[in-house]
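Data block below; observations after.
Since every read-out is calculated from the coordinates, none of them should be taken as a lab result. What you see is a predicted model, and the numbers here were worked out from it, not measured in a lab. With ideal geometry, Cβ positions are generated from the backbone for all residues, glycine too; neighbour counts draw on all protein chains shown.
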């Protein structure tokens, strides 16, 4: 799709959705300006310095099935800054137990997980058989069905005979980090999408990828260079206060630094901020964005004086820890090991101070990692993302708007829009592409705003 000659597009927000939308609009021939309030690009996937370390705000992994995100990495020249497993392999740790593994085999989907599940020592034989049956049943759930979206994943697990052990060792292990909700609080349709697309439909889909360097080295500087090459004007530290529609057509973007005229605008902001910026009439029910809610993530950062985890990452069950990541190399730690422990759906941990969390996690990590029992903790600190994601709760799909608003040339982007995906980097990129298509489709019909 091509833009009308001289058409101008403003993209509000420099996260992955905004970067994608800006690149797509520029590729179509539009004159694009991207405005971002922060001094960097990358949105919710970024890095910063703390106690002499370069750390990520959260542990943002991706899967092989995240095709749009992987394409964006290639597009901005950052594909060599991430790594991707050749085959799914998740070490699963439990206190007092030898590590188990969830590993993909060479069998075709959905049989590729069968050998691993058959040997999964954290479940009894009967529980493994029941889990396999439930996986097959989950593959038959219609993810676009409103009734499935309105139902709790936890209720569905009850109905399919999934007890506490299976919930902990399989269902929660996968659903919690992808949905940022406990299974009992999550939409069945959204959970089914995660398992179907990520695990059941393709034997290679769930191979895990992660950044080899701090996230800002993946998303910020590479995106700036790619946008510059594409001719996009990037304005950092530019807060947008409102987007207004002109009576004669087009829009004016009001910011603290002045006004910007545009023929089309893509708003790629978090939902609550987007609701404040959008002009009246853009959405039939702006309060829907407020009802999407928010779910937090807390990260516990521990630097040991020696290596205590011999894997790049691991999942934990029967433990307050959920997922552990070795981030030593990216953070600049040598001679020891820096572990980042990601806690999804961390409402309870938001109000717990660092000392109390240390009292909880120091023995918990020692119970999971034998090598940690004699190790010295050199640094321990906590970071909190109070509004990490929207809540993929029952009924959330009906609250998520698509890219199109009621005003022509005004589009929405963000992982919270109706991409079909949960709040992931993949969903963000897909939303940006959809918003660009929506905005570009109106440009040939619209009068270009005079300079």
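Observations on the model:
- Mean residue ellipticity (222 nm) of the chain, computed from DSSP H runs ≥ 4 via -39,500 (n - 2.57), nearest 500: -8000 deg cm²/dmol
- Its convex hull of Cα atoms gives the stretch 14-133 a direction-averaged projected area, equal to a quarter of the hull surface, of 12.2 nm².
- Angle of helix 125-138 to the longest C-alpha principal axis of the chain, folded into 0 to 90 degrees and rounded to 10: 20°.
- For the stretch 150-167 versus the stretch 384-441, the gap between their alpha-carbon centres in whole angstrom: 28 Å
- Cβ-based exposure ranking for 252, 11, 194, in which fewest neighbours within 10 Å come first: 252, 194, 11
- Based on C-alpha pairs under 8 angstrom that are at least 6 apart in sequence, the stretch 295-389 has a relative contact order of 47 percent.
- In the chain, Rg over Rh equals 0.99, where Rg is the alpha-carbon radius of gyration and Rh the Kirkwood radius from pairwise Cα distances.
- The long axis of helix 425-442 is offset from the longest Cα principal axis of the chain by roughly 20 degrees.
- Inverse of mean 1/r across different Cα pairs in the stretch 205-302, Kirkwood, Å: 17.0 Å
- The alpha-carbon atoms of the stretch 172-255, seen along their principal axes, cover 49, 35, 22 angstrom, with the largest extent given first.
- Going from the residue with the fewest nearby Cβ atoms within 10 Å to the one with the most, 259, 71 rank 259, 71.
- Cα extents of the stretch 100-200 along the three principal axes, largest first (Å): 35, 28, 22
- In angstrom, the C-alpha Rg and Dmax of the stretch 295-389 are 12.6, 37.
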